[in-house]
Amino acid sequence: KLLENYLCQMSAEEFAGYRDLIPETLTGQEYRDEYGLLPDLVTRVDSDETYHPRACAEHPILENERVKEMVALMHIASLREEEANERRELLSAAEKTPSEPDTQLLIEAGQLMYAAHASYSERLELGSPETDLLVSLVRERGPARGLFGAKITGGGAGGTVAVLCRADLPDAETALGEVCAAYAEQTGVTPRVIIGSSPGAVMFGARFIMRG
């Protein structure tokens, strides 16, 4: 069953039945003695390196679960926004007030981002001190300042940190400025802030690759 599809398509409950069968650590030499060379020509197994196959197998499974939870939270937020708009339509112009984002949903989404970052950085050891620092600085300010979550995105060993924040709160912008200033002070590098995002796959579509 493990070889029928991608690991990320297993649920965490399914993986629990296999987890202990995967060694926590494995040296490159042990891998070569047991399995020989890798079947591809790009990567190689270093005989002197110690690998962590269990953690590497577990990450995509748990990450996929977090993505599903994030999508569910976004769906709930969308439904609540629609309900709020329907209620506002019934009010007079004088009674209408701007709808407020659901703070609890933002907090839950932020926790998923922090968990994703920790898994990537610590479980896979693909993070970097710089991105860990940025995430830590965001977390220090937290929801009270309009910053709800952060995680590395893009390539490993550095890259970009995505921050979930309330753009309508002036203090969130101030808090982001503090994060950048603190980062620059500690590293000597001034980070670049990119606001918003492109439509991405929603606009251009996605390509599905099926095995076999």
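The values are calculated or read from the model by the stated rules, or taken from the named source; none is laboratory data. Predicted model, so just to flag it, every value in this text is computed and none were measured. A quick note on method: Cβ atoms are made from the backbone with ideal geometry, for glycine too, and the neighbour counts reach across all protein chains shown. Calculation scope for accessible area: heavy atoms of the full protein, side chains included, ligands and nucleic acids excluded. Shrake-Rupley method; radii C 1.70, N 1.55, O 1.52, S 1.80 Å.
What the table below lists for this structure:
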item: All positions within the stretch 164-183 that are over 16 Å from GLU140 (Cα atoms) and either of a type in the set (Gly, Ala, Ser) or in contact with a His (Cβ under 8 Å, 6 or more places away or on another chain) (or both); result: ALA167
item: Pair list, Cβ < 7 Å and 6+ apart or interchain, from the stretch 59-77 residues that are modelled with pLDDT under 95 to residues that are of a type in the set (Gly, Ala, Ser) and surrounded by fewer than 15 Cβ atoms within 10 Å (Cβ to Cβ); result: ILE61/ALA12; LEU62/ALA12; GLU65/ALA12
item: Entirely in the stretch 117-212, the helices (runs of 4 or more DSSP H) that have 1 or more residues that are open to solvent by less than 80 Å² (accessible area, probe 1.4 Å) and touching a residue at least 12 places away in the same chain (Cβ under 8 Å); result: 129-141, 170-187
item: Qualifying positions in the stretch 158-191 - farther than 20 Å from LEU105 by Cα and in contact with a Ser or Thr (Cβ under 9 Å, 6 or more places away or on another chain); result: GLY158, GLY159, THR160, VAL161, CYS180, ALA181, TYR183, ALA184
item: Some residue of the stretch 174-192 being modelled with pLDDT under 75 and out of contact with any Cys (no Cβ under 6 Å at 6 or more places or on another chain); result: no
item: Matching option when the condition is within 27 Å of ILE152 (Cα to Cα), at pLDDT 90 or above, surrounded by 12 or more Cβ atoms within 10 Å (Cβ to Cβ) and among the hydroxyl-bearing types (Ser, Thr, Tyr), among TYR51, TYR31; result: TYR51
item: Looking only at the stretch 37-95, and only at residues there that are in contact with a Ser or Thr (Cβ under 8 Å, 6 or more places away or on another chain) and polar (S, T, N, Q), the one that is nearest to CYS8 (Cα to Cα); result: THR50
item: Within the stretch 1-89, helices (runs of 4 or more DSSP H) holding 3 or more residues that are among the aliphatic types (A, V, I, L, M); result: 53-89
